[in-house]
1. Please label the shape of region 131-255 as rounded, prolate or oblate, based on the square roots a ≥ b ≥ c of the eigenvalues of the alpha-carbon gyration tensor (a/c under 1.5 means rounded; beyond that, a/b larger than b/c means prolate, else oblate).
2. Quote the FRET efficiency, to the nearest 0.05, computed for His161 versus Thr10 with a Förster distance R0 of 35 Å and r equal to the Cβ-Cβ distance.
3. With a sphere of radius 12 Å drawn around the Cβ of Tyr262, what net charge do the other residues whose Cβ falls strictly inside it have (Lys, Arg +1; Asp, Glu -1)?
4. Which loop GluC sites (Glu not before Pro) in region 22-100, with loop taken from DSSP, have no more than 14 other Cβ atoms within 10 angstrom of their Cβ?
5. If you take P(r) over Cα pairs in 10 Å bins from 0, in percent from the coordinates, which of (1) 5, 22, 20, 13, 12, 12, 10, 5, 1; (2) 6, 27, 34, 23, 9, 1, 0; (3) 6, 31, 40, 20, 2 do you get?
6. At most 10 other Cβ atoms within 10 Å plus a DSSP loop assignment makes a site exposed; report the longest stretch of the chain without any exposed trypsin sites (Lys or Arg not before Pro).
7. Count charges around Lys171 for me, please; just the other residues with Cβ under 12 Å from its Cβ, Lys/Arg as +1, Asp/Glu as -1.
8. Simple spin-label model, 7 Å along Cα-to-Cβ: Arg248 to Leu287 in nm?
Amino acid sequence: MANIAAQTFTFRELATATKNFRPECLLGEGGFGRVYKGRLESTGQVVAVKQLDRNGLQGNREFLVEVLMLSLLHHPNLVNLIGYCADGDQRLLVYEFMPLGSLEDHLHDLPPGKEPLDWNTRMKIAAGAAKGLEYLHDKANPPVIYRDLKSANILLGEGYHPKLSDFGLAKLGPVGDKTHVSTRVMGTYGYCAPEYAMTGQLTLKSDVYSFGVVFLELITGRKAIDNARSHGEHNLVAWARPLFKDRRKFPQMVDPLLQGRYPMRGLYQALAVAAMCLQEQAATRPLIGDVVTALTYLASQTYDP
């Protein structure tokens, strides 16, 4: 058994850490509850405290999955679980605090004065997120299907170091000669692979598809689903598919916030990787290990205007 290093906290300790869950400590609301910034009195460490909805039937199972997964899985590109609280009917998770927030915060609806991510940083974030996924798929045994990869779940530490967070939906992957696990469709609209959305058949390749959506977000600066855009451009993948077929259209796909500061060859290679991850047929999508190889190379080719 791996060393389960997660600490247990009392509810009172976490209430103290977050100043009684004061609204100004609220970092955001996730699928299963609210996340607060706090400081542990015992060590002075700054943490993120996730309080799960008590009325959520899902809550308890997700809580257990998250505690177990993150207690057993350790990788530089997975968020660190520091501990948890299961006092009475309270369910809370305590993570390391990620000072730069989520990838979503840096791509969409930027407030004035917030610098957009440059090309090199985007490639570095993509490579790191792919490495986190590779660890789940190839190093964890049995493999773990993350199932909820999206820009909101990629958190950024100092130097834009990416970590996957939110493991409440993770599933153990197929074992032996099984090709998939069947499950209720959970996850986020716009990121779900078509075969999973339609039949509930979940495979490691479902995660590769979701990664393709995130990578496309990084390249284009567009949201996975954006109803504010004109008709035909609401769904990022549907908008991109016809453009993938014509390299001359690639420059039209780049995030305008990059203001032309990107390497043309790098753009072609990046969009080729995204297109492969987003193939309709799961079998034709690459393994995440191959994606990591491609992105590590792309991240090493720094753009220097």
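Laboratory data are not the source of any read-out in this text; all were calculated from the coordinates shown. The structure displayed is predicted, hence computed values, not measured ones. Ideal geometry is used to build each Cβ from the backbone, glycine not excepted, and the neighbour counts take in all protein chains shown.
1. prolate
2. 0.65
3. For residues surrounding Tyr262, the net value is 0.
4. Sparse-neighbourhood loop GluC sites (Glu not before Pro): Glu41.
5. Structure-derived value, by its label: (2).
6. Between exposed loop sites, the widest span is 1-113.
7. Residues close to Lys171 contribute a combined charge of 0.
8. The modelled label-to-label distance comes out at 3.9 nm.
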